[in-house]
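Since the structure comes first, as structure tokens, the remarks are kept for the end.
The values are calculated or read from the model by the stated rules, or taken from the named source; none is laboratory data. Being a predicted model, the structure only gives us computed values, none of them experimental. Neighbour counts run over all protein chains shown; Cβ positions are idealised from the backbone, glycine included. Side chains are part of the model used for accessible areas, which takes the heavy atoms of the whole protein and leaves out ligands, DNA and RNA. Shrake-Rupley method; radii C 1.70, N 1.55, O 1.52, S 1.80 Å.
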Amino acid sequence: MAEALRLAEKAYSIGEIPVGAVIVQSGEPDRIIGRGYNQRERLHDPTAHAEILAITAAANTLNDWRLLNCVLYVTKEPCPMCAGAIINSRLEGVVFGCYDEEKGCCGSLYQLPNDPRFGQHIFIRGGVAEDQSSRLIRDFFRSRRKM
């Protein structure tokens, strides 16, 4: 989660909503195979969320879209689009920082990855490094309102 927070800080520094994500593949030792941070403004791409970019990087690292035995660590609860990508990439689990009561789909509004109709079980753990993750987002939007 420390690396995801570092990436969120990078997003903040370039004027993006501060969300960072990493994908870790289980093994001896565990290793980060994908990294991402929000880049919607920079890339002019509504899909350039931290999670999507990390999933793409991990798939390229493995040369496979199936991210089996992999866990996503992200500083904010995934939105519906990212939750769909989590399901489609076959991730084993998601660990996230702060909850998103407005758009969160891993527990707040919906529990999309574990909807039984998708036939998968993805472990979800929220609230990890929640204070640091929330603070980054809160500070970002405070600074934007002052502009």
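Inside segment 61-81, can you point out the residues that are in a helix (DSSP H, G or I) and touching a strand residue (DSSP E or B) at 6+ places or on another chain (Cβ under 8 Å)? Please lay out each step first, then the result.
To start, the set of residues in segment 61-81 that are in a helix (DSSP H, G or I) comprises 61-62, 80-81.
Across segment 61-81, the qualifying residues are 61, 62.
Scanning segment 83-126 for residues that are outside any strand (DSSP E or B), under 20 Å from residue 9 (Cα atoms) and either of a type in the set (Asp, Glu) or touching a helix residue (DSSP H, G or I) at 6+ places or on another chain (Cβ under 9 Å) (or both) gives 99, 100. Here the condition is being in a helix (DSSP H, G or I) and within 21 Å of residue 93 (Cβ to Cβ); of 11, 57, 21, it holds for 57 alone.
Please tell me if residue 35 is in contact (Cβ under 8 Å) with a residue 12 or more places away in the chain, open to solvent by 20 Å² or more (accessible area, probe 1.4 Å) and among the basic types (Lys, Arg). Working first, answer last.
On the way: in contact (Cβ under 8 Å) with a residue 12 or more places away in the chain: yes; open to solvent by 20 Å² or more (accessible area, probe 1.4 Å): yes; among the basic types (Lys, Arg): yes.
Yes; evaluated as a whole, the condition is true for this residue.
Residue 46 satisfies every condition listed in (1) more than 20 Å from residue 141 (Cα to Cα); (2) at pLDDT 95 or above; (3) open to solvent by 70 Å² or more (accessible area, probe 1.4 Å) except (1).
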